[in-house]
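Undergrad: Input: one structure, supplied below.
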Amino acid sequence: MRYRQWFVAGALTFVAVLVGFAGYPTCACGAGQVSHSGYKVLAPLTSGNLTVFPVVSTSSHQTDMFLTLDEGLRSGEVVVTEAGSVQGLVRRHGQIPRHDNAQVNTLVLVNNSKRPLLLLAGEIVTGGKQDRVIGKDRIVPPESEPIDLGVFCVEPGRWVAKSENFGAFGNLAQPSVRANAMAKKDQQEVWNSVRQSQASASESVEVSTASPQVQTELSDIRSTSSYAVVMDNKAVKENLDKIAVPLEKNYRNVIRDLRDRNAVGVVVAVNGELLWADIFASSDLLNRYWPKLVRSYAAEALTQVRHHDKVSESEAQEFVDRMQGRHETAETEPGVYRHAEITGDDYRVFELTSLLAKAEFEVHIAKMYEEPKVGRMVRGPFEVH
């Protein structure tokens, strides 16, 4: 009943904001106006200790040409395999990644479709000898030669094939795991965040109830090293749903109204602390990734439970406005994509730009806090000792 009341109240508040926002001007940020960044943060949606600020933009791009990993694996047009099994995937005369045997941080992907494939850092592929998480955003051209996928293991402790086929996990890794893969690029740090998430998820289940069924679920959680298996555990999913379902349903209802106003992303706060932003080139891409994104954020909220603070719209607006930094590194695949990593004083920004013909625009921006702000007591890559 309280979630139903929350849906109604949240939807009315959100729609009221949208009505007031219709016809916004493009100028320096003021009350009800879009900032110089071209992004406008709207009133937040909150569920438990998780707060999500929708972000709308003054511009949008055609993105239906992009294939997502889930879509490609489901259709069979995208193939992922251990590196030692790559030989049979070569169609033309191109170079293939040279690996004699399967390795922890090596998977090979082939895009057999006629559409460019969009990969997001944090997407999890399950199967093979271990589950892995993709380490950076990239675009794979249509009908590609095999590429090194660039992954980190999120299943410490297993090196035995449980399946010849790889599939996509329904969630992205939570921000603390994504951050260690994207920013620190360190396998041990990724494993540390996976173990931390597993312990926190176990604690959340343990305190929820002492029923025999839950004790069985706890035993399953503690007996696996797989991040995906933990997050897919029945008891953990029930706790995730308590956070994610209200946001998912409410936002999905409102996003239809937002689509014409270019809803392109979200700013995320947990326990009143801004952690993350995901911004896309279009409402279409946001809509396709939303189910995975919201559960990623919910997993972070589930594993960082403490007292609830509040974060303001102005703070969230400042977060998306500050995209420039003091240092930038970039990697480019000519004619396909450019991936830039921008380092600020206390944050990092990752920008994926398409260089494809007739599709030269920023496809995805991810922003994270790299170092804790004064007074932050957040677990994960932002942990204060």
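Undergrad: Quick check on this structure: which one of L275, L286 is within 24 Å of E203 (Cβ to Cβ) and hydrophobic (A, V, I, L, M, F, W, C)? Steps first, answer last, please.
TA: Details: L286 fails: within 24 Å of E203 (Cβ to Cβ).
The conditions single out L275.
Undergrad: Further, regarding this structure: From E370, E362, E341, E328, grab the single residue that is open to solvent by 70 Å² or more (accessible area, probe 1.4 Å) and under 17 Å from the mean Cα position of the chain (by Cα). Steps first, please.
TA: Working: E370 fails: open to solvent by 70 Å² or more (accessible area, probe 1.4 Å); E341 fails: open to solvent by 70 Å² or more (accessible area, probe 1.4 Å); E328 fails: under 17 Å from the mean Cα position of the chain (by Cα).
Just a single option satisfies the conditions, and that option is E362.
Undergrad: Would you please list the contacts, defined by Cβ atoms under 6 Å and residues six or more apart or on different chains, that run from a residue in segment 325-346 that is polar (S, T, N, Q) to a residue that is at pLDDT below 95?
TA: Final answer for the pair search is T343/G325; T343/H327.
Undergrad: Now a separate question. Only residues in segment 225-241 that are closer than 19 Å to E123 by Cβ count as the first member; pair them with residues that are at pLDDT 85 or above and in a loop (DSSP other than H, G, I, E, B), Cβ under 6 angstrom, at least 6 apart or cross-chain, and list the lot.
TA: S226/D131; Y227/V154; A228/D131
Undergrad: I've got another one for you. What's the total number of residues in segment 38-88 that are open to solvent by 50 Å² or more (accessible area, probe 1.4 Å) and small (G, A, S)?
TA: 6
Undergrad: Would you call V125 modelled with pLDDT under 95 and either over 21 Å from W290 (Cβ atoms) or of a type in the set (G, A, S) (or both)?
TA: Values: modelled with pLDDT under 95: yes; either over 21 Å from W290 (Cβ atoms) or of a type in the set (G, A, S) (or both): no.
Judged against the criteria, V125 is not a match.
Undergrad: Since N287 meets every condition but one in (1) open to solvent by less than 10 Å² (accessible area, probe 1.4 Å); (2) without any contact (Cβ under 8 Å) to a residue 40 or more places away in the chain, which condition does it not meet?
TA: (1)
Undergrad: So which residues in segment 268-290 are touching a Gly at 6+ places or on another chain (Cβ under 6 Å) and of a type in the set (D, E, K, R)?
TA: Once the filter is applied, which keeps residues that are touching a Gly at 6+ places or on another chain (Cβ under 6 Å) and of a type in the set (D, E, K, R), segment 268-290 yields only D278.
The values are calculated or read from the model by the stated rules, or taken from the named source; none is laboratory data. For clarity, every value in this text was computed on a predicted model and none was experimentally measured. Glycine gets a Cβ as well: all are built from the backbone with ideal geometry, and neighbour counts include every protein chain shown. Heavy atoms of the whole protein, side chains included, go into the accessibility calculation; ligands, DNA and RNA do not. Shrake-Rupley method; radii C 1.70, N 1.55, O 1.52, S 1.80 Å.
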